[in-house]
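What follows is one structure encoded as structure tokens, with my remarks underneath.
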Amino acid sequence: KEKNRLIKSSTCRPSDTGLIVRAFMYTHDAFLELGEATKAQECLELAYRFGRTLSRVQLKNGNFPARFRFPDLKAEGHLQGTVNPWVIQLWETANRLESHDPKKAAELKKICSRYAVYLTTKEPSVLSICNAGADEGGCNYYTPFSYVCLCWLIRYLDTGKEVYAENAKQTYKMAFLTSQLYIDQPQNSHWVTGNPAGFSTWYEEPELINQGGFGKMEGLFLKKYLDYDLGQDLSAIIFADTLAGRLLPDGGITGLRIDVPGYQAHIQDHGETLNYLHLGVYANYYLSGGF
């Protein structure tokens, strides 16, 4: 938690690798729009090369270690599970590869499918899902952000079984309905983790529901693939709330905002990188007409 100090690390999270894949994938799309086909292909190849690393990290049961070392890619410690909705974006990278290199596409999709099966069968009920965070020790519908709904989605895309599509919708809806939300602040409902409440403790604030941190990208993908309106509606609220309530005077995005009965806090001296990552995805979604 030391500020203004570069911390070197010899470990990485699988989800961090997934974020790099996502960045290259969207850069690929941008170059295509600009007519730079060669540069676009280079980005797609880099996305694949980072993505296939996960096949060496993935455990035999389909799960992932919470962290792995590099350069040997061995598990660091005993904790398992990943965070962030990176799996669907690895799948989408595979979709972009399919037309000219189906073998590479199949390699990436196999990683996604194995993980999706693990997360949706460890507790064989849509009402009881394993924690997808850095420790698989608990069950929690909104940890992290019910991205297990995307694992149901991947199973649907992989098999065509309609029951998996329905499970994806119901998982998402349960995450929303069981969150500790304020009825007048639906934008908060997808950031409650239960222990603690989002970014608040990172900024030495009380463990209160707040608007900081990640948004709800899962809903965008459910809208895209399943035409599920609730997904886009809730994501639109969060996107609008970010633009309306968390922009700083210099154009940055605040890392945290708490607005509850009896207590308010608004970090205004700096932005938060994680917010920028997700805001970029939202903007890409809406400006491109749904990816």
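The values are calculated or read from the model by the stated rules, or taken from the named source; none is laboratory data. Keep in mind that this is a model prediction, so the values were computed, not measured. Cβ coordinates were reconstructed from backbone atoms using ideal geometry, including for glycine residues, and neighbour counts include every protein chain displayed. Note: areas computed on protein heavy atoms with side chains; ligands, DNA, RNA excluded. Shrake-Rupley method; radii C 1.70, N 1.55, O 1.52, S 1.80 Å.
Would it be correct to say that GLU33 is at pLDDT 95 or above, under 23 Å from GLY289 (Cβ atoms) and not aliphatic (A, V, I, L, M)?
Working: at pLDDT 95 or above: no; under 23 Å from GLY289 (Cβ atoms): yes; not aliphatic (A, V, I, L, M): yes.
For GLU33, the condition - at pLDDT 95 or above, under 23 Å from GLY289 (Cβ atoms) and not aliphatic (A, V, I, L, M) - is not met.
Test each condition in (1) modelled with pLDDT of 75 or more; (2) within 19 Å of ALA265 (Cβ to Cβ) for LYS161 and report the one that comes out false.
All conditions pass for LYS161, except number (2).
Can you find, within the range 50-80, the residue that is most open to solvent (accessible area, probe 1.4 Å) among those that are of a type in the set (Lys, Arg) and in contact with a helix residue (DSSP H, G or I) (Cβ under 9 Å, 6 or more places away or on another chain)?
Checked the range 50-80; the qualifying residue most open to solvent (accessible area, probe 1.4 Å) is LYS74.
Find the helices (runs of 4 or more DSSP H) located wholly in the range 184-289 whose residues include 3 or more that are buried (at least 20 other Cβ atoms within 10 Å of the Cβ) and at pLDDT below 75, and list them. Full working, then the answer.
Values: elements: 218-226, 229-245, 273-287.
Fully inside the range 184-289 and qualifying: nothing.
Restricting attention to the range 206-264, which residues are among the basic types (Lys, Arg) and under 26 Å from LEU90 (Cα atoms)?
Just the residues of the range 206-264 that are among the basic types (Lys, Arg), to begin with: 216, 223-224, 246, 257.
LYS216, LYS223, LYS224, listed by residue number.
May I ask you to verify whether GLY18 is assigned to a loop (DSSP other than H, G, I, E, B), in contact (Cβ under 8 Å) with a residue 24 or more places away in the chain, under 17 Å from LEU150 (Cα atoms) and open to solvent by less than 30 Å² (accessible area, probe 1.4 Å)? Quick ask: steps written out before the conclusion?
Working: assigned to a loop (DSSP other than H, G, I, E, B): no; in contact (Cβ under 8 Å) with a residue 24 or more places away in the chain: yes; under 17 Å from LEU150 (Cα atoms): yes; open to solvent by less than 30 Å² (accessible area, probe 1.4 Å): yes.
Against the criterion (assigned to a loop (DSSP other than H, G, I, E, B), in contact (Cβ under 8 Å) with a residue 24 or more places away in the chain, under 17 Å from LEU150 (Cα atoms) and open to solvent by less than 30 Å² (accessible area, probe 1.4 Å)), GLY18 does not qualify.
What number of residues in the range 99-151 are in a loop (DSSP other than H, G, I, E, B) and either at pLDDT 85 or above or open to solvent by 20 Å² or more (accessible area, probe 1.4 Å) (or both)?
Our first condition is that a residue be in a loop (DSSP other than H, G, I, E, B); within the range 99-151, this holds for 99-101, 122-124, 126-127, 129, 131-138, 140-147.
From what's left, either at pLDDT 85 or above or open to solvent by 20 Å² or more (accessible area, probe 1.4 Å) (or both): 99-101, 122-124, 126-127, 131, 134-138, 140-143.
Summing the residues that are in a loop (DSSP other than H, G, I, E, B) and either at pLDDT 85 or above or open to solvent by 20 Å² or more (accessible area, probe 1.4 Å) (or both) in the range 99-151 gives 18.
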